[in-house]
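The values are calculated or read from the model by the stated rules, or taken from the named source; none is laboratory data. The structure presented is a predicted model; accordingly, all values stated were derived computationally and were not measured. Cβ placement follows ideal geometry from the backbone for every residue including glycine, while neighbour counts extend to all protein chains displayed. Heads up: the accessible areas ignore ligands, DNA and RNA and are worked out on the full protein's heavy atoms, side chains in. Shrake-Rupley method; radii C 1.70, N 1.55, O 1.52, S 1.80 Å.
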Amino acid sequence: MLKGKKILVGVTGSIAAYKMATTVRLLIKAGAEVKVIMTPSAGNFISPLTLSTLSKNDVLQQLADNSSWANHVMLGRWADVMLIAPLSCNTLSKMATGACDNLLMAVYLSATCPIVVAPAMDEDMWHHPSTQKNIAAVQAYGNHVIPVNNGELASGLSGDGRMAEPEQLLQWLNDFFLKHKTLAGKKVLITAGPTYEAIDPVRFIGNASSGKMGIALAAELHHRGAGVTLVLGPSSQKIPAGIDVVNVRSAKEMYDACIKIFQQTDWAIMSAAVADYRPAVAAGQKIKKNTDTLQLDLVKTEDILKQLGTMKKDHQCLVGFALETNNEKEYALKKLDSKNADLIVLNSLNDAGAGFGYDSNKITIFDKKGGEHHFDTKPKPAVAADIVNTIISYCHE
Ligand code: CTP
């Protein structure tokens, strides 16, 4: 899987830098092309000569020397992936804030390739709230993080913070390229978030959906090479780079956007919590509280999933969600049928850690061929991977 792949390795100042000699050697043995960038302090931990010899390329350390300039923009464009390992606490904090004071940071900030980091630090540093905040920020920018190991640390203590071993770094890259390729050429439409239905110019009917599940799906599909259009209701979540976003507010706007896009898509995944009703009339001006009671007439919104179900061609796969509180399976199967979907992803509000606002979810997927797929409670990105894997196997059965 790594044969012919261009890997840009960024080494920062950490004891774990010694592992990069083995990592670079394994990458070259696997047929990858490797270029190495070192931060100024990385040279205290491993010699540039070692890494240039093993990578068969000059090691880059400075933006410019007396006679030439390292083209940081081209380096990030050359690479299929940039691996920053070990990632020190210092470079992590620069990545979180966008500081640009060395070649590695200039390449990182201008890179268009996917970026993965392997942190290495002492356990207390790793668990410090500022480190965890920085890791979360770096992930929110769309970077990948290879988990730290628990084990012997440079301080002599033992705990979390030990950098992944070279074999684990290679395994991660292998899996990444395996996943990355499989959906190249596929076009996917995803809806996510709530919708807001106007009552008057300042008020609306909405719901507590964060959009996190649909955004995790968009990220997973993009990561696997699919072209993703995300039709997103009002949401404050960050969207990873590379995903086409159509921002909408109401169910009608979401409906119009989906109808326009659906015919060019292979898969459509409706994860939005679309309002089922909207005020029959949205007042043109702010409603004043002149009466003791106020009645709103509501009318049904357009059912996007149902409409796409009537338009669906044989080559297209349509996935809906069902959030239920009781008779979960019965209602989910009813939706599968009535909306002509291929798969329905069921969340039950009776499961701990599932539903609106959580970072985790617990799902069961029902498919049109009678399949029933159960999953444990997992973080939403892992749930997204389960959903995508289930769609892939359903389409290939
Ligand atoms: N959906 C949609 N358009 C709507 C409403 C829902 O596309 N106007 C989609 C959701 O994105 C989800 C699925 O339909 O994929 C949910 O089905 P639905 O029957 O609308 O669920 P509920 O809103 O929970 O309805 P009910 O109260 O009947 O359970």
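Of note:
- Computed FRET value (nearest 0.05) for Asp303 with Thr112, which takes r as the C-beta separation and R₀ as 41 Å: 0.60
- Taking the chain and dividing mean pair separation by its residue count, relative contact order in percent (alpha carbons under 8 Å, at least six apart): 11 percent
- Estimated purely from DSSP H runs of n ≥ 4, each contributing -39500 (n - 2.57), the mean residue ellipticity at 222 nm for the chain is -10500 deg cm²/dmol once divided by its residues.
- Ellipsoid fit via the Cα gyration tensor, segment 187-395: semi-axes of 29, 19, 17 Å, each the root of five times an eigenvalue, largest first.
- In plain terms, the chain from His128 to Asn350 could stretch by 76.5 nm, reckoned as 0.36 nm per residue minus the Cα-Cα distance.
- Rolling a 1.4 Å probe over the protein heavy atoms leaves Leu178 with an accessible area of roughly 100 Å².
- A cut-off of 5 Å between modelled amide H atoms, ignoring neighbours fewer than 5 places along the same chain, links Arg249 with Met254.
- Its Cα centre serving as origin, the chain has a Cβ charge dipole (Lys and Arg +1, Asp and Glu -1) of approximately 860 debye.
- Loop-located trypsin sites (Lys or Arg not before Pro) in segment 239-301 (DSSP state not H, G, I, E or B) with no more than 11 neighbouring Cβ atoms inside 10 Å: Lys286, Lys288, Lys289.
- Beta bridges by DSSP in segment 260-397, antiparallel share as percent, to the nearest 5: 55 percent
- Of Trp78, Trp126, Trp69, Trp267, the order by accessible heavy-atom surface (1.4 Å probe, DNA, RNA and ligands excluded), from most exposed downward, is Trp69, Trp78, Trp126, Trp267.
- Ordered from largest to smallest accessible area (heavy atoms of protein chains, 1.4 Å probe), the residues Asp337, Asp122 come out as Asp337, Asp122.
- Under the shape rule built on the C-alpha gyration tensor, where the axes satisfy a ≥ b ≥ c, segment 30-109 is rounded, since a/c falls short of 1.5.
- Percent of Cα pairs in the chain per distance bin of 20 Å, from zero to the largest separation: 25, 47, 25, 3, 0.
- For Tyr277, the amide hydrogen comes within under 5 Å of the amide hydrogens of Thr301, counting only partners 5 or more places away or on other chains and with H modelled in the peptide plane.
- Electrostatic bookkeeping for Lys339 treats Lys and Arg as +1 and Asp and Glu as -1; over the other residues with beta carbon under 12 Å from its beta carbon, the sum is +2.
- Burial order of peptide ranges 87-98, 359-370 (average beta-carbon count within 10 Å, highest first): 87-98, 359-370
- Each residue of segment 25-37 is assigned a 3J(HN,Hα), and the resulting list reads 4, 5, 5, 5, 4, 7, x, 7, 9, 10, 10, 10, 10 Hz, derived from the Karplus form 6.51 cos²θ - 1.76 cosθ + 1.60 (θ = phi - 60°), x at Gly and Pro.
- Fraction of accessible area attributable to carbon and sulfur, the chain (%, probe 1.4 Å): 51 percent
- Three-way shape call for segment 66-121 based on the alpha-carbon gyration tensor, with the a/c threshold at 1.5: oblate
- Taking the C-alpha atoms only, the angle from helix 129-140 to the longest principal axis of the chain is near 70 degrees.
- Cα shape, segment 6-180, gyration tensor, a/c 1.5 rule: rounded
- The residues Ser235, Ser155, sorted by heavy-atom accessible surface at 1.4 Å with ligands and nucleic acids left out, run Ser155, Ser235 from largest to smallest.
- DSSP bridge orientation in the chain - percent antiparallel, rounded to nearest 5: 35 percent
- Among Thr325, Thr12, Thr195: highest mean-square fluctuation, GNM of the chain, C-alpha pairs under 10 Å: Thr325
- Cα centroid separation - segment 264-316 against segment 346-369, whole Å: 22 Å
- Subset of Lys6/Lys186; Lys260/Lys313; Lys300/Lys335; Lys186/Lys334; Lys252/Lys289; Lys56/Lys94 violating a 21 Å alpha-carbon distance limit: Lys6/Lys186; Lys186/Lys334; Lys252/Lys289; Lys56/Lys94
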